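Worksheet: one structure, shown below.
Each reported figure results from applying straightforward, stated rules to the coordinates on display, with no laboratory input. Small disclaimer: the values here were computed from a predicted structure and weren't measured. Counting neighbours? That spans all protein chains shown, and the Cβs are built from the backbone with ideal geometry, glycine included.
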Amino acid sequence: MLLVTLLLLLTASPALFMRLYPPGLPTQFYRDLGNVIVDQMDLPSMPSPLREGHWPRSELRVGQAAGISVDLNDRPQVFHRGNVTWDSTSFNRSHHYQHRGRGPIRIATLLTLEKGTGAVLRSEGAGRFYLPHGLHIDGEGNRWVTDVAMHQVFKLPPDSDTPTLTLGVAFEPGYDDAHFCKPTDVAVADDGTIFVADGYCNSRIMIFNRDGRHLGSFGEREGMEFVVPHSLALEGAVLCVADRENSRLVCWNVREPFVQPQVVDLQVYGPVYAVAPAGAVLFTLHHGRRHPSALTLDLATGRVIDNWPAAKSLNQPHDLAVSSDGRTIYVVELTPARVVKFLVDPDLYEHL
Ligand code: ZN
């Protein structure tokens with residue numbers, strides 16, 4: 001059974017949040033959730049996503065496929081590792097990358113795909129990255145990527161793979177305001193506020209303004225005790241963290257941090273690798289004991305609406321992304337390295 005519990009949070013840094021987000025009504029969190037729900041479909045009738053069998057139409061040559069997001073033209077963009085794999089030799093005990101001398105991945109690591117066929121439309125990111133991880137595309141089309149070897153976050157504009165903003169210090173893991181340690185994912189609010197999940201060794205969420213000025217962080221000392229915050233989802237003002245090794249989601253209103261967060265216990269499905277919003281629902285990916293799971297959850301209550309039968313065909317899913325209409329879901333896998341497409345409404349696709 002799914003357990004939904006409420007915990008108190010953020011007792012240690014109220015001053016920070018007072019500056020960041022002036023206090024509003026205590027009920028704002030639930031009001032925001034209600035607004036999301038009004039816009040949405042009838043949840044119980046939502047069909048299970050089904051895998052599209054012949055997609056991509058031709059072989060897509062990627063390495064470990066770590067991140068995926070959908071751009072403003074509804075095209076999936078994939079962030080992958082080329083010929084590099086993350087294994088036990090990649091880092092030493094102090095989290096320093098051990099293969100820096102081999103240079104960056106030479107081939108293009110950021111691919112834009114045609115949504116109908118999966119053909120590669122654009123190839124970018126050659127000679128820039130060492131160990132790609134997360135990819136988030138914001139409301140202006142900027143691509144935010146994380147590199148766990150470089151311990152950095154990069155903002156790439158829609159039309160170029162030359163970063164316009166870089167956060168963190170190259171190849172220097174750390175725990176202060178200027179350093180990350182294997183950052184996993186990024187979410188950017190409409191006002192430009194940047195949230196970084198940091199990450200494999202610092203279990204905290206860091207906050208920056210749109211210019212990259214550090215505003216604060218949370219999660220490491222306030223009793224939340226994240227264990228590998230691995231993926232972020234931002235729907236309106238509601239930010240959800242996939243707290244991977246705790247097998248749970250932690251969601252709250254970033255404008256009203258004093259309101260209790262909602263903690264969704266998903267232990268029965270295993271560690272949660274990815275979370276993505278689609279209006280009133282959230283989609284999640286899990287590595288269970290027997291096989292992976294993909295779930296559809298009601299954002300307002302945390303209730304599991306669906307455990308997709310088709311997700312049992314996955315092996316090692318790592319991230320997922322949803323089209324703007326919520327009816328196409330892309331999943332990337334590390335092994336086998338691939339992109340898998342699911343359709344929420346199969347009637348739209350006669351070849352299934
Ligand atoms: Zn990962």
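At R0 = 22 Å, how high is the FRET efficiency between THR117 and ASP345 if r is their beta carbon distance? Nearest 0.05 is fine.
In this case the efficiency is close to 0.70.
At 0.36 nm per residue, minus the direct Cα-Cα distance, what do ASN83 and ASP159 gain on full extension? Give it in nm, one decimal, please.
The ASN83-ASP159 span can extend by a further 24.9 nm.
For VAL281, what residues show an amide H to amide H distance below 5 Å, using hydrogens built from the backbone and excluding near sequence neighbours?
LEU299
Among LEU215, PRO158, ILE107, pick out the residue whose Cα is farthest towards the positive end of the charge dipole of region 100-220, where Lys and Arg carry +1 and Asp and Glu carry -1 on C-beta, about the Cα centre.
After comparing all options, I get ILE107.
Quote the Stokes-Einstein diffusion coefficient, in whole µm² s⁻¹, for region 178-236, based on the Kirkwood radius over alpha carbon pairs, a temperature of 37 °C and a viscosity of 0.692 mPa s.
Calculated translational D: 287 µm²/s.
Using a cut-off of 20 Å between alpha-carbon atoms, which lysines can reach LYS312, once sequence neighbours fewer than 8 places away in the same chain are excluded?
Those lysines meeting the cut-off are LYS341.
What is the gain in length, in nm to one decimal, between ALA310 and GLU225 on full extension, counting 0.36 nm per residue of separation less the C-alpha to C-alpha distance?
27.3 nm
Can you run the Rg to Rh ratio on region 273-336? Use alpha carbon positions and the Kirkwood inverse-distance Rh.
Dividing the radius of gyration by the Kirkwood radius yields 0.95.
Ranked from highest to lowest mean number of other Cβ atoms within 10 Å per residue, what is the order of the peptides 156-169, 131-144?
131-144, 156-169
Label ARG93 and ARG289 with points 7 Å out from Cα along Cα→Cβ: what is the distance between them in nm?
3.2
For every other residue with a beta carbon closer than 10 angstrom to the beta carbon of ASP161, add +1 if it is Lys or Arg and -1 if Asp or Glu, then tell me the sum.
+1
Compute the orientation-averaged projected area for region 133-227 from the convex hull of its Cα atoms and round it to one decimal in nm².
Averaged projected hull area, Cα only: 5.6 nm².
I want to make sure I understand the PRE zone here: with the label point 7 angstrom from the Cα of ALA170 toward its beta carbon, which residues in region 94-134 have backbone N atoms less than 16 Å away?
97-106, 125-132
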